[in-house]
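Beneath this line is the structure, given in structure tokens, with notes to follow.
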Amino acid sequence: MRKLACIKLLELAIFIWSVLCYDRINLEKEVILVEHKRILTLTQGALIAALAYVGFQFLRIDIPVGAERTAIHLGNTMVVLGALLLGGWGGFAGALGLTLADLTSGYVTTAPKTFILKLIIGLVTLAISRKLFHIEKEPSMKSQARIALFSSIAALGLNVVLDPLFGYFYKTYLFGIPQDLSAALAKISSVTTLVNAAASTVAVVILWPALFRALAKTDKLPFGEIQEDLRLDPREIARDVRVKVLHVFSFHPPPVRRRSF
């Protein structure tokens, strides 16, 4: 009876402690998970920016046009993929990576234009894929691929229109280039932008399923919020401790080992 009373008193003390402290435990657990998610998001954004940088810096074909030059590259692919996976943060990271690539590869004068246009690509991709079609809620890979394809065509198609138009006013009014020359450069830019859009759309359709499956297998898929139940029930804590206490204070004799002769 004394042993049972001690066990009950210990259970009561543990239960009272868990009731008083479980809010603090839950808060600490939530903070840890939020910090982990924040670090993971920052890391994924940095990876998107780095891949966008590589896509332009090392996977491009320069086309000289008089004193100017344009390029065919795959940097836009990572802007679209970043927006599909990480939302606005991914699109921003891709735009930042391409801007850094401009600053370090002889396209310094077009860096501000690049950041604005690539950010628009990311925002359009975000609006269509997540806000309009809710790609994160689609269970089928085929449905997700269709949404990714449509988002890529819309965002990169808009860029085909905006890039030469923005470039025309950018060169004419900011750098003082004659209008005829700016118009000719805009026409050439529209062709290269169209080629970039087609190549990037194909790359997105190819890379999206593989990237999605890889992230899903490692539980690093950034879709949605944390689904885990963060609340700790004090009754569950007391029940678990009770089992351990009974196991410790149990006086059942150990199993007898028989010698084999």
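The values are calculated or read from the model by the stated rules, or taken from the named source; none is laboratory data. These numbers come from a predicted model, not from an experiment. Positions of Cβ are backbone-derived with ideal geometry, glycine not excepted, and every protein chain shown enters the neighbour counts.
Go through the stretch 65-76 and count every residue that is modelled with pLDDT under 85 and either surrounded by 22 or more Cβ atoms within 10 Å (Cβ to Cβ) or of a type in the set (Ser, Thr, Tyr) (or both). It would help to see each step written out before you state the result.
Of all residues in the stretch 65-76, those modelled with pLDDT under 85 come to 65-72.
Narrowing the set further to residues that are either surrounded by 22 or more Cβ atoms within 10 Å (Cβ to Cβ) or of a type in the set (Ser, Thr, Tyr) (or both) leaves 70.
Residues meeting the conditions: 1.
Being at pLDDT 85 or above, surrounded by fewer than 22 Cβ atoms within 10 Å (Cβ to Cβ) and among the polar types (S, T, N, Q) is true for just one of THR109, THR99, THR125. Which residue is that? I'd like the intermediate steps shown before the answer.
Details: THR99 fails: surrounded by fewer than 22 Cβ atoms within 10 Å (Cβ to Cβ); THR125 fails: surrounded by fewer than 22 Cβ atoms within 10 Å (Cβ to Cβ).
Sole residue among the options that is at pLDDT 85 or above, surrounded by fewer than 22 Cβ atoms within 10 Å (Cβ to Cβ) and among the polar types (S, T, N, Q): THR109.
Would you confirm whether any residue within the stretch 77-89 is surrounded by 16 or more Cβ atoms within 10 Å (Cβ to Cβ), small (Gly, Ala, Ser) and modelled with pLDDT of 90 or more? Even if it seems obvious, please write down each step before you answer.
Step one: filter the stretch 77-89 for residues surrounded by 16 or more Cβ atoms within 10 Å (Cβ to Cβ), giving 77-89.
Going one step further and asking which of them are small (Gly, Ala, Ser), we end up with 82-83, 87-88.
Imposing the further condition that a residue be modelled with pLDDT of 90 or more reduces the set to 82-83.
Checked against the condition, which is being surrounded by 16 or more Cβ atoms within 10 Å (Cβ to Cβ), small (Gly, Ala, Ser) and modelled with pLDDT of 90 or more, the stretch 77-89 yields at least one hit.
For the stretch 126-159, which positions are in a helix (DSSP H, G or I) and free of Cβ contacts under 8 Å to residues at least 40 places away in the same chain? Break it down stepwise before answering.
Start the filter on the stretch 126-159 by keeping residues that are in a helix (DSSP H, G or I), which leaves 126-132, 135-137, 141-159.
Scanning the stretch 126-159 gives ALA127, ILE128, LYS131, LEU132, LYS137, LYS142, SER143, ARG146, ILE147, PHE150, ALA154, LEU158.
Among the residues of the stretch 80-99, count how many are touching a strand residue (DSSP E or B) at 6+ places or on another chain (Cβ under 9 Å) and among the hydroxyl-bearing types (Ser, Thr, Tyr).
Start the filter on the stretch 80-99 by keeping residues that are touching a strand residue (DSSP E or B) at 6+ places or on another chain (Cβ under 9 Å), which leaves 98.
Imposing the further condition that a residue be among the hydroxyl-bearing types (Ser, Thr, Tyr) reduces the set to none.
Summing the residues that are touching a strand residue (DSSP E or B) at 6+ places or on another chain (Cβ under 9 Å) and among the hydroxyl-bearing types (Ser, Thr, Tyr) in the stretch 80-99 gives 0.
Given the conditions (1) of a type in the set (A, V, I, L, M, F, W, C); (2) touching a residue at least 40 places away in the same chain (Cβ under 8 Å); (3) assigned to a strand (DSSP E or B), report the number of the one that LEU51 does not fulfil.
Among (1) of a type in the set (A, V, I, L, M, F, W, C); (2) touching a residue at least 40 places away in the same chain (Cβ under 8 Å); (3) assigned to a strand (DSSP E or B), LEU51 violates only (3).
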